[in-house]
Amino acid sequence: MATAAAASASEAEAEPKAGPKAEGEEDEAKAARTRRKVLSRAVAAATYKTIGPEWDQQEEGVSESDGDEEYAMASSAESSPGEYEWEYDEEEEKNQLEIERLEEQLSINVYDYNCHVDLIRLLRLEGELTKVRMARQKMSEIFPLTEELWLEWLHDEISMALDGLDREHVYDLFEKAVKDYICPNIWLEYGQYSVGGIGQKGGLEKVRSVFERALSSVGLHMTKGLAIWEAYREFESAIVEAARLEKVHSLFRRQLAIPLYDMEATFAEYEEWSEDPIPESVIQNYNKALQQLEKYKPYEEALLQAEAPRLAEYQAYIDFEMKIGDPARIQLIFERALVENCLVPDLWIRYSQYLDRQLKVKDLVLSVHSRAVRNCPWTVALWSRYLLAMERHGVDHRGISVTFEKALSAGFIQATDYVEIWQAYLDYLRRRVDFKQDSSKELEELRSAFARALEYLKQEVEERFNESGDPSCLIMQNWARIEARLCNNMQKARELWDSIMTKGNAKYANMWLEYYNLERAHGDTQHCRKALHRAVQCTSDYPEHVCEVLLTMERTEGTLEDWDIAVQKTETRLARVNEQRIKAAEKEAALAQQEEEKAEQRKRARAEKKALKKKKKTRGAEKNTVDEDDEKEWGDEEEEQPSKRRRLENSVPPTGEAERGPDADPGLVGVELPSKPKERVAAPRRDVPKVLHDSSKDGITVFVSNLPYSLEEPATVLRPLFEACGDVVEIRPIFSNRGDFRGYCYVEFKEEAAAQRALELDRKSVEGRPMFVSPCVDKSKNPDFKVFRYSTALEKHKLFISGLPFSCTREELEEICKAHGTVKDIRLVTNRAGKPKGLAYVEYENESQASQAVLKMDGMTVKENIIKVAISNPPQRKFPEKPEARKAPGGPLVPRQIYGARGKGRTQLSLLPRALQRPGAPAAQAENGPAPPPAGATPAATEAPKMSNADFAKLLLRKNSTRHLLWTIFFV
């Protein structure tokens, strides 16, 4: 079917050439589009043959009738142009535009894996066979293709192969495919395809060669190797020759000596097939293989039960094989693991390290290194190891240089990676130089490479990362050592060290001592003395050490005049350093004294505030509590006193009299006046017994916070959630003295395992608010304990996205991100109330996908918002200077933070009621003037101005007088 479709395609392509020319350019374009459609149907037919009936042609808009109709239309396209209107024209134009965009993107970044895949898919859909071949070839030169991509390519080429030359081309493709990954399916396909060429010259030997290589490569595969053995045996059995019987016997015996799944069935098949009794040696090898199979079964079953990529299971399997020490099986298990974990650099490093140290086979070692850097081009360690392996196995200089240039264009993630690859290449060039000669071509190449490296780091790397990646000038130091020690060129070495010191390294003592040691070994005493004198003046980290080295040298080699100068300079320098240190210590002591004074002021202010609260409680009986909001702002922790109002003469009668009075307004009957607010306020009061926290139960207790304050019965709401984790002993919510829930509680379990499972409920939504669940830890004993679930270090596989619209959901963001790779997790950052902050973290399966996503998504517009995308690398947290250090009971000093007037609360509001606030009015003065705000505190964080008792009394009288006046007017 595929061959027929291909033949139809070739006929359809050749027919317009023989027939008359189409009239007009439009007709020619239509005819060309028709031919491309027929080619795409041929590709679809080949795909259907390969994949099988489960491939739904209707999803792609393909059917056999469609292919026949299109073929008929193709043959008559030029004779009757314009007769048919193709419904695919609009889709074709859209695909062509997308193809142009992808080609442009690849011209900018050739390492964009997803762009390669998308381009091949679209070209294949459009039937552009020549372009598809070129695109696949270009991608295979940069990346190793997966098993699926290779099989798709091979099936397309097989369906189009019509003669011997085409068959040789397919053989070449198979050879490339089996080198990328050791895949049993590709080897099986290779063997079956080679059987089709058995009629050609040397065809029989070709088939046997392919199957023998397949057995060597994947014959030990415990689950998929059986198919190769059976295919080979069936081929040999099909050849009716007496000499072939011995070949089949040999295959059976070889297979039975290897531990494979379903060995019993193979042994039974051999017994049935063989006319002679099975030799005892074969039975012994078979039993031995069965015993080995039992040892391997736990690892194979673990792989079968786990989900891809099964890295941990493969690592355990590799460790087991390494202990046994069979090189063939070790190589096979590494290859099996890499099929599913080809983007894990550590696995490639371990595999290549084993080959470098144990097998040391040139072709195998270099092949694995080449595949490693093609799979993980962003990993500099793989490139460095590849260069070393090429040098170790005698690859020519041109090949190593080409590999190094590829490494520079691989797109490393950090600036230091470029320094590392340059150092590896420069080390290689240095080993090529014969320094016994005064001048040579290799030496000049080495010097030019050093100069190019410095220029590259200064321009290319610094422009991209805003840093050169080499702040200590390691490359320049290495160059200076080579010039001094190997080339005897101290003048050049001194020039290089001068450049090093001018790049901000003159303040470090170790840099000066490195230079001094170089001068000491290859220079002269005068330059040593000069270097140390400069070091004494410039060093700021360890000046005493530099001074000691200078004095030691002068004591050993210097004259009296040199000694006097050295003593004078060192004493002057050390005196200046001590003076600076004393000033710094005095400044620090003064700051500490200021902090102590401020702490004392705050302590007095708290004492006065506490006394003021007591006075307000006694005066609380004179305050009316009609306005509920006013009462709440007077403080959650104050215990309310019964509200009493002053009754003036000729004031409003009691409520009962108002209801029964003959002159009362009918509309006022049944209205509760001053008493209703008092009852409403007193309603939520509850007697909550205070239970001291038992720190001995911290291991089985979790701390739950950020709960909604509106929860009336927190224990009832939370119990179903936490009982799913284990038996709950107690849920202890914390209430204020007024009975209001304070938003946090303690949950105690019977077992510690249940408490650990409860930590997984962190960030679960409770009535629209994310609940925080953390271990219960006494911070007075563990002041440094902090709970933060997420990493604060560089994560190359995770992205940080900012500028998102607040309305963007997790599903919408996942839809955007999954176009660039496999998304493992998405976390939208919210505030404590669960509202989005426009930030998100997106975790990809590997570093390569994350890098591609940064290139494609940075600057993208999402709902009219331009987002910023970068690799997740949170800056180090810079904690503000603490104004005070207080000592926790039984623990070390704990920094005290600056908070607002109410301390660390939800709103940071002061306790001053709204009724007493004057918007826009100047701050009220206390009797002794306003209290000075703490140093460094913002206006919002300063304490409210103090008021005397007389001020409060005036405000309350004014408030009550106004209220009584309103009531009088209301009733009259």
**Complete:** For Lys603 and Phe806, extending 7 Å from Cα along the Cα-Cβ vector and measuring point to point gives, in nm, a value of 4.4
**Fill in**
In terms of the charge dipole of the stretch 698-775, which places +1 on Lys and Arg and -1 on Asp and Glu at the beta carbon, the residue among Ala755, Ile734, Ile700 farthest towards the positive end is Ile734
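With a probe of 1.4 Å, find how much accessible area the stretch 698-775 has per residue, and write the answer as a whole number in Å².
Numbers: 3610 Å² over 78 residues.
Spelled out: the 1.4 Å probe surface of the stretch 698-775, per residue, equals 46 Å².
How do Glu271, Glu147 rank by accessible surface area computed with a 1.4 Å probe, from largest to smallest?
Descending order: Glu271, Glu147.
What does the charge count near Ala449 come to, summing +1 for each Lys or Arg and -1 for each Asp or Glu among other residues with Cβ under 14 Å from its Cβ? Walk me through the numbers on the way to the answer.
Numbers: positive: Arg430, Arg431, Arg432, Lys441, Arg447, Arg452; negative: Glu405, Asp427, Glu442, Glu444, Glu445, Glu455, Glu483.
Once positives and negatives cancel, what remains is -1.
Over the stretch 476-541, give the accessible area per residue in Å² for a 1.4 Å probe, as an integer. Present the calculation step by step, with values, prior to reporting the outcome.
Working: 3020 Å² over 66 residues.
Here the residues of the stretch 476-541 average 46 Å² of exposed surface.
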**Complete:** Reduced to Cα centres, the span from the stretch 435-480 to the stretch 285-336 in Å works out to 46
**Message:** For the stretch 339-382, which trypsin sites (Lys or Arg not before Pro) pass both filters: DSSP loop (anything but H, G, I, E, B) and at most 12 other C-beta atoms within 10 Å?
**Reply:** Lys360
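Longer than 31 Å from Cα to Cα, which of Lys224/Lys360; Lys138/Lys206; Lys436/Lys503; Lys609/Lys781; Lys507/Lys781 are they? Say none if no pair is.
Working: Lys224/Lys360 28 Å; Lys138/Lys206 28 Å; Lys436/Lys503 33 Å; Lys609/Lys781 29 Å; Lys507/Lys781 41 Å.
Over 31 Å Cα-Cα: Lys436/Lys503; Lys507/Lys781.
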**Request:** Apply 1/(1 + (r/R0)^6) to the Cβ-Cβ distance of Trp273 and Glu212, taking R0 = 22 Å, and write down the FRET efficiency to the nearest 0.05.
**Result:** 0.55
**Asked** What is the extension gain from Asn873 to Ala589, computed as 0.36 nm multiplied by their sequence separation minus the C-alpha to C-alpha distance, in nm to one decimal?
**Response** 98.6 nm
**Item:** Where labels lie 7 Å past Cα in the beta-carbon direction, separation of Ser774 and Glu596 in nm
**Value:** 3.2
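When the dipole is taken about the Cα centre of the stretch 798-871, and only Lys, Arg (+1) and Asp, Glu (-1) are charged at their Cβ, what size is it in debye, to the nearest 20?
Using Cβ point charges on Lys, Arg, Asp and Glu, the stretch 798-871 gives about 340 debye.
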**Asked** Rounded to the nearest 10 Å², what accessible area does Trp273 show when all protein chains are kept and the probe is 1.4 Å?
**Response** 90
**Prompt:** Using the heavy atoms of the protein chains alone and a 1.4 angstrom probe, what is the accessible area of the stretch 798-871 per residue in square angstrom?
**Reply:** 51
**Request:** Leaving ligands, DNA and RNA out of it, report the carbon-plus-sulfur percent of the accessible area of the stretch 698-775 at a 1.4 Å probe.
**Result:** 45
**Prompt:** How far is it, in nm, from the label point at Thr130 to the one at Val361 when both lie 7 Å from their Cα along the line to the Cβ?
**Reply:** 4.1
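Percent of alpha carbon pairs in the stretch 393-435 separated by more than 13 Å?
Everything past 13 Å amounts to 58 percent.
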**Prompt:** What size of dipole, in debye to the nearest 20, comes out for the stretch 578-621 about its Cα centre when the only charges are +1 on Lys and Arg C-beta atoms and -1 on Asp and Glu C-beta atoms?
**Reply:** 920
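Suppose every Lys and Arg Cβ carries +1 and every Asp and Glu Cβ carries -1, with no other charges. What dipole size does the stretch 89-143 come out with about its Cα centre, to the nearest 20 debye? Kindly include the intermediate steps, with their values, before the conclusion.
Details: 8 positive and 14 negative charges, 96 e Å.
Its charge dipole is roughly 460 debye.
Relative contact order of the stretch 698-775, please, whole-number percent, based on alpha carbon pairs below 8 angstrom and at least 6 residues apart. Mind dumping the intermediate values first?
Working: 147 pairs, mean separation 33.9, N = 78.
Computed value for the stretch 698-775: 43 percent relative contact order.
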**Prompt:** Per the 1.4 Å probe, what fraction of the accessible area of the stretch 798-871, in percent, lies on carbon and sulfur atoms?
**Reply:** 51
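How would Leu474, Leu303 rank on accessible area, largest to smallest, probe 1.4 Å? Please list the in-between numbers first.
Details: Leu474 80, Leu303 5 Å².
The ranking, largest first, comes out as Leu474, Leu303.
If I take R0 = 60 Å and measure r between the Cβ atoms of Thr559 and Gln137 in this structure, what FRET efficiency does the formula 1/(1 + (r/R0)^6) give, to the nearest 0.05? Display every interim value, and only then the final one.
Working: r = 75 Å, r/R0 = 1.25.
Between Thr559 and Gln137 the formula returns 0.20.
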**Complete:** Subtracting the Cα-Cα distance of Glu246 and Leu692 from 0.36 nm times their residue separation yields 151.9 nm
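Work out how much length Thr822 to Glu462 would gain on full extension: take 0.36 nm times their residue separation and subtract the Cα-Cα distance, in nm to one decimal. List each step's numbers first, then the result.
On the way: separation 360, 0.36 × 360 = 129.60 nm, distance 3.12 nm.
Full extension of this stretch gives 126.5 nm more.
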**Prompt:** What FRET efficiency, computed as 1/(1 + (r/R0)^6) with R0 = 45 Å and r the Cβ-Cβ distance, is obtained for Lys750 and Leu304, rounded to the nearest 0.05?
**Reply:** 0.75
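The values are calculated or read from the model by the stated rules, or taken from the named source; none is laboratory data. Here the structure is a predicted model, which is why all the values come from computation and not from measurement. A quick note on method: Cβ atoms are made from the backbone with ideal geometry, for glycine too, and the neighbour counts reach across all protein chains shown. Only protein heavy atoms, including side chains, enter the accessible area calculation; ligands, DNA and RNA are left aside. Shrake-Rupley method; radii C 1.70, N 1.55, O 1.52, S 1.80 Å.
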